[in-house]
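Presented below is the structure to which this report refers.
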Amino acid sequence: MKNKKIYQLLTIAFMVFNSSVNAQGLLDKLNKEFPKKPVYEIATFKTTRIGLGHSIETRKKGALEILLYNRYWNIPNFEGQRFLADVVSTRYGLDYSFSDNFTSGLGYTNHDKITDGFVKYKLLKQRTNSRKGFVSIALLQTFSHRNFETTGGSIYEPLATSSNSYAFTSQVLVARKINSELSLQLTPTFIHRKANPLNDDANNQFALGFGGRHKISNHAAIVSEYFYVVNTITSVETYNAFMVGVNWELSHLLLQFQVTNARNFVEDTFITQTKNNFNAKDGNFHFGFNATFVLHTKKKKLK
Amino acid sequence: MNKLFPLFLLIISFADFDVKQNQFIARQGQVSFFSYTSVENIEAKNNQVLSLLDIDKKEIAISMLMRAFVFKKDLMYEHFNESYIESDLYPKANFIGKIIAFDTSTKETQTRIVRGKLTIHGITKETDIKTAIKKTDENYNVSGNFDISIKDFQIKVPPILSSNIAKTISIKFTFQYQPYEE
């Protein structure tokens with residue numbers, strides 16, 4: 001009699017247990033079915049430039065970027081009556097992505113008459129929730145040609161266009177998206193310039209760039225950049241370039257607003273030849289406005 | 001005999017549970033969504049949606065990774081994940097629901113309401129979805145479409161871009177289920 005009861009109890013207990021196993025959420029079951037694929041971080045910086053210098057971002061294959069970078073500043077004790085700002089410098093640029101990892105671009109700046117170009121290759125992509133791929137790494141090589149007139153040593157020599165005005169910048173961009181809000185970048189930089197007979201400046205210079213982005217809303221972020229130059233040029237006094245600004249994106253249009261002491265747009269010039277410190281004096285205060293329009297020349301087909 | 005009877009029952013219940021296939025899985029379910037506005041049409045497709053169908057309990061569960069959506073333009077993909085759906089915070093969208101008046105015996109296409117909870121962007125909402133269910137031999141095909149309002153799931157669109165993104169998004173889905181083996 002006793003045994004029977006135990007049996008019945010056991011049976012009931014087992015059935016309850018059985019049904020409870022069965023009732024284990026279908027969703028939990030599904031979650032175990034997801035294939036384990038690496039997930040790469042996206043939007044570490046969103047824009048291909050943090051502000052002054054490049055970020056690790058490259059656009060996907062077929063993306064054409066039309067860039068219009070402006071910088072405004074005042075001339076100290078200027079007598080003129082120019083609208084808004086005394087000087088405006090603009091860089092017109094075009095970047096094209098040949099593959100998801102390889103981008104190339106060209107640009108021309110009207111104020112300092114520098115033609116520049118770059119190739120950029122994304123070497124490593126940071127992975128989410130994985131020990132592999134701790135950082136994203138991109139390699140950047142730029143070249144620039146400066147079309148400036150050298151005032152020759154004596155009055156007997158006419159103004160000549162220098163041909164020794166090439167410069168090359170190599171950068172290793174290392175960035176990590178710390179969390180969804182904060183991304184940081186470290187940029188070891190090597191700059192090589194052709195010897196200039198007029199001064200004794202070093203041909204090779206080393207610098208280290210620091211960059212950061214902090215998201216303030218889903219469409220805007222505060223960005224900042226600083227470049228420390230290890231061996232500064234001796235012919236003129238230079239300062240390290242600093243920038244703080246806001247990046248804002250509107251669908252295909254990416255806008256950057258910034259305040260900085262850098263006047264030039266090309267790496268080798270603004271990193272090593274920024275001749276003013278960062279403050280609000282006329283001539284030192286530069287307002288930057290960058291507009292980038294992204295055009296997708298190749299559209300993905302949805303299967 | 002009396003003692004053995006519950007044991008019998010137990011074995012039968014066990015055996016019954018084992019032999020009869022009551023769960024079906026779709027590993028390559030397709031979910032696509034559309035946003036039509038006069039400014040811009042946005043379309044995205046996810047071909048790796050997982051779904052389980054339990055015909056005993058008449059339950060259906062769907063789970064998908066937001067990062068698996070493919071867009072025509074890459075910038076859309078970035079904005080969708082980063083600015084709108086926030087896929088680093090809410091990587092998945094889920095649905096779990098019951099098929100109302102589901103007839104497992106018929107081989108004809110039946111249109112049924114699936115009532116359940118839809119979770120997108122971390123927000124769960126009670127939703128009724130009209131679906132067409134068809135049984136073919138060992139498999140089930142489930143498809144349908146429905147609309148959601150982006151406001152319901154607290155997906156914020158800045159006023160300056162409100163003309164680019166539709167207030168109601170239409171969603172289309174197709175699943176092909178096969179017997180599920182754990």
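Applying 1/(1 + (r/R0)^6) with R0 = 25 Å to the Cβ-Cβ distance of residue A:282 and residue A:101, what FRET efficiency is obtained, to the nearest 0.05? Working shown, then result.
Details: r = 43 Å, r/R0 = 1.74.
The formula returns an efficiency of 0.05 here.
Which residue, chosen from A:108, A:43, A:27, occupies the Cα position most advanced towards the positive end of the dipole of region A:22-124, where the dipole is computed from +1 (Lys, Arg) and -1 (Asp, Glu) charges on Cβ about the Cα centre?
A:27
Any idea what diffusion coefficient region B:24-111 gets from Stokes-Einstein, in µm²/s, Kirkwood Rh on alpha carbon pairs, 20 °C, 1.002 mPa s?
On the way: Rh = 14.9 Å.
Once the numbers are plugged in, D ends up at 143 µm²/s.
For region A:161-257, which GluC sites (Glu not before Pro) are in a loop by DSSP, counting at most 14 other Cβ atoms within 10 Å? Could the numbers behind the result be given before it?
Working: sites: A:181, A:225, A:237, A:249; in loops: A:181, A:237.
Taking region A:161-257 and a limit of 14 other Cβ atoms within 10 Å, the loop GluC sites (Glu not before Pro) found are A:181, A:237.
Quick check for me: using +1 on Lys/Arg Cβ and -1 on Asp/Glu Cβ, what's the dipole size of chain A about its Cα centre, in debye to the nearest 20? Spell out each step's value before the answer.
Values: 37 positive and 22 negative charges, 561 e Å.
So the dipole magnitude of chain A works out to roughly 2700 debye.
Is it possible to state the helix-based mean residue ellipticity at 222 nm for chain A, with each DSSP H run of 4+ residues giving -39500 (n - 2.57), the sum divided by total residues, to the nearest 500 deg cm²/dmol? What is it?
So the helix-based figure for chain A works out to -3500 deg cm²/dmol.
Inside 10 Å of the C-beta atoms of A:175-186, what's the mean count of C-beta atoms belonging to other chains? Spell out each step's value before the answer.
Values: counts 0, 0, 1, 0, 1, 5, 1, 0, 0, 0, 0, 0.
Shielding by partners across A:175-186 averages 1.
Over chain A, what is the relative contact order in percent, taking alpha-carbon pairs closer than 8 angstrom and at least six residues apart?
Working: 694 pairs, mean separation 48.1, N = 303.
Value for chain A: 16 percent.
What's the average, rounded to a whole number, of partner chain beta-carbon atoms within 10 Å of each residue's beta-carbon in B:79-91?
Details: counts 7, 0, 2, 8, 8, 2, 0, 2, 4, 9, 1, 0, 4.
Average neighbour count from other chains, rounded to a whole number: 4.
Quick one: go through region A:82-123 and flag any residue whose amide nitrogen is under 16 Å from the point 7 Å out along the Cα-to-Cβ line of residue A:293.
Taking a point 7 Å out along Cα→Cβ of residue A:293, the residues of region A:82-123 whose backbone N falls under 16 Å are A:91-96.
Using only Cα atoms and rounding to the nearest 10 degrees, what angle (0 to 90) does helix A:2-22 make with the longest principal axis of chain A?
For A:2-22 against chain A, the angle is about 30 degrees.
Based on the Cβ-Cβ distance from residue A:179 to residue A:6, what FRET efficiency comes out when R0 is 60 Å, to the nearest 0.05? The partial results should precede the final answer.
On the way: r = 57 Å, r/R0 = 0.94.
It comes out at approximately 0.60.
Can you list which of the chymotrypsin sites (Phe, Trp or Tyr not before Pro) found in region A:44-83 are DSSP loop residues with at most 10 other C-beta atoms within 10 Å? Show your work: numbers first, answer last.
Working: sites: A:45, A:69, A:72, A:73, A:78, A:83; in loops: A:45, A:78, A:83.
Sites meeting the loop and neighbour criteria: A:83.
If I model a spin label as a point 7 Å beyond the Cα along the Cα-Cβ vector, how far apart are those points for residue B:107 and residue A:302 in nm?
So the two model labels end up 3.5 nm from each other.
So what's the back-of-envelope 222 nm ellipticity for chain B, counting only DSSP H runs of four-plus at -39500 (n - 2.57) apiece and dividing by all residues, rounded to 500? Write down the numbers at each step before the final one.
On the way: 2 runs with 22 residues, N = 182.
Roughly -3500 deg cm²/dmol at 222 nm, from the helical runs in chain B.
Taking θ = phi - 60°, what integer Hz values does the Karplus form 6.51 cos²θ - 1.76 cosθ + 1.60 yield along region A:191-206, in sequence order, with x for Gly and Pro?
Here the 3J(HN,Hα) series is 10, 10, 10, 5, 4, 10, x, 7, 9, 9, 5, 5, 7, 10, 10, 10 Hz.
Mind checking A:293-302 for the average number of partner chain beta-carbons within 10 Å of each residue's beta-carbon? All intermediate terms of the calculation are to be shown ahead of the outcome.
On the way: counts 0, 4, 2, 6, 0, 3, 4, 9, 3, 10.
That works out to 4 on average.
Chains A and B: how much accessible area gets covered up at their contact, both sides added, probe 1.4 Å, in Å² to the nearest hundred? Let's see the in-between values first.
Details: alone 18340 and 11830 Å², together 25490 Å².
The summed interface area works out to 4700 Å².
In a Gaussian network model over chain A where Cα atoms closer than 10 Å are linked, find which of A:120, A:177, A:281 has the largest mean-square fluctuation.
With Cα springs under 10 Å in chain A, the top fluctuation among A:120, A:177, A:281 is at A:281.
Between residue A:128 and residue B:37, what is the spin-label point distance in nm, taking each point 7 Å from the Cα along the Cα→C-beta axis?
2.4
What list of ³J(HN,Hα) couplings, whole Hz, do you get for region A:244-261 from phi and the Karplus terms 6.51, -1.76, 1.60, once you set θ to phi - 60° and write x for glycine and proline?
9, x, 10, 9, 9, 10, 10, 6, 8, 10, 10, 10, 10, 10, 8, 10, 7, 9
Assign one of three labels to the protein assembly as shown, namely rounded, prolate or oblate, based on the Cα gyration tensor with a ≥ b ≥ c the square roots of its eigenvalues; rounded applies when a/c is under 1.5, prolate when it is not and a/b is larger than b/c, and oblate otherwise. Numbers along the way, then the final one.
Working: a/c = 3.46, a/b = 2.76, b/c = 1.26.
Verdict is prolate for the protein assembly as shown.
Could you give the nm distance between label points at residue B:124 and residue A:234, where each point is 7 Å from its Cα heading toward the beta carbon?
7.2
The values are calculated or read from the model by the stated rules, or taken from the named source; none is laboratory data. Note that this is a predicted model, so its numbers are computed, not measured. A quick note on method: Cβ atoms are made from the backbone with ideal geometry, for glycine too, and the neighbour counts reach across all protein chains shown. Calculation scope for accessible area: heavy atoms of the full protein, side chains included, ligands and nucleic acids excluded. Shrake-Rupley method; radii C 1.70, N 1.55, O 1.52, S 1.80 Å.
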